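What follows is a single structure, written as structure tokens, with notes after it.
The values are calculated or read from the model by the stated rules, or taken from the named source; none is laboratory data. Nothing here was measured: the structure is a model prediction, and the numbers come from that model. Quick reminder, even Gly has a Cβ in these numbers, built from the backbone with ideal geometry, and neighbours come from all protein chains shown.
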Amino acid sequence: MSGPGYAPPPQGAPQFRAPGEAVADPWGQPAPWAAGPSGPTPRPAPAEGVPLEVLRALPAPLAPTAQPSGPPQRPAVIALACTLAVLGSLQWICALSLLWVTATVGTGAFAEANDDGALFHVLNRFNYRMLDGLAVPLYLFPLASLVTGFLVLSRRLWSRVVHTGVGAVALAWAAWWLRDDLLWWFSAAWYVVVACLVLWTPAATAWYRWRADDHGTHLRG
């Protein structure tokens, strides 16, 4: 630019340029860093004949680092096993408690009315057997399944083994208790079998065997 009243800026004065504008260095190379739409672009490879001082001033390249990956997503079968165990146990405990209370109240009501019919004997027998020790396994197995149902979410190999063991022992005891009428046993056994077998699918097995330390060693190697 020239014209009357214009004087070129003195040597060494700061030069103002628009962002992203490349500036040539004294050797005719583009600017080492030029702002782009996504940040500064890497410096191009220096041409031959560049002084050593300029090369030393270049920033050192960053070493690539492996990004550690987090744990895999929990399979849906794990949540299914937990839901089946927790809901089934709670429903059994609530239904059994309601039936026991009904039998106790009904027995007392029939006794006060001097009614010793068939319904009285059925309720009285159920109440007597519960007090005689039947309540222990009928409450113990559901409570154990309720606890192990939550433990299967902790990604511990022993948690699904313990949960499956509780289901197997409960089925064995129920088969002995209902040995004279196994139809009642089959009606509930399928529920316990499904709630335990879903923990041994390939997806669930891979989720339980994942370890953060082993995965980190594999990345570093």
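Here are the numbers for this structure:
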read-out: Selection status of residue 136, surrounded by fewer than 16 Cβ atoms within 10 Å (Cβ to Cβ) and part of a helix (DSSP H, G or I); value: yes
read-out: Set 98, 90, 131: member being out of contact with any helix residue (DSSP H, G or I) (no Cβ under 8 Å at 6 or more places or on another chain), part of a helix (DSSP H, G or I) and modelled with pLDDT of 95 or more; value: 98
read-out: Single residue of region 87-117 satisfying the filter (over 26 Å from residue 143 (Cβ atoms) and among the aliphatic types (A, V, I, L, M)) that is farthest from the chain's Cα centre (by Cα); value: 113
read-out: Number of the condition not met by residue 73 [criteria: (1) of a type in the set (S, T, N, Q); (2) closer than 21 Å to residue 196 by Cβ; (3) not in a helix (DSSP H, G or I)]; value: (2)
read-out: Where a residue in region 94-116 is loosely packed, with under 13 Cβ neighbours inside 10 Å and its partner, wherever it lies, is part of a helix (DSSP H, G or I) and hydrophobic (A, V, I, L, M, F, W, C), with Cβ under 6 Å and at least six apart; value: none
read-out: Hits in region 164-221 (condition: modelled with pLDDT of 90 or more and aromatic (Phe, Trp, Tyr)); value: 173, 176, 177, 185, 186, 190, 191, 200, 207, 208
read-out: Complete set of residues in region 143-159 that are in contact (Cβ under 8 Å) with a residue 60 or more places away in the chain and basic (Lys, Arg); value: 155
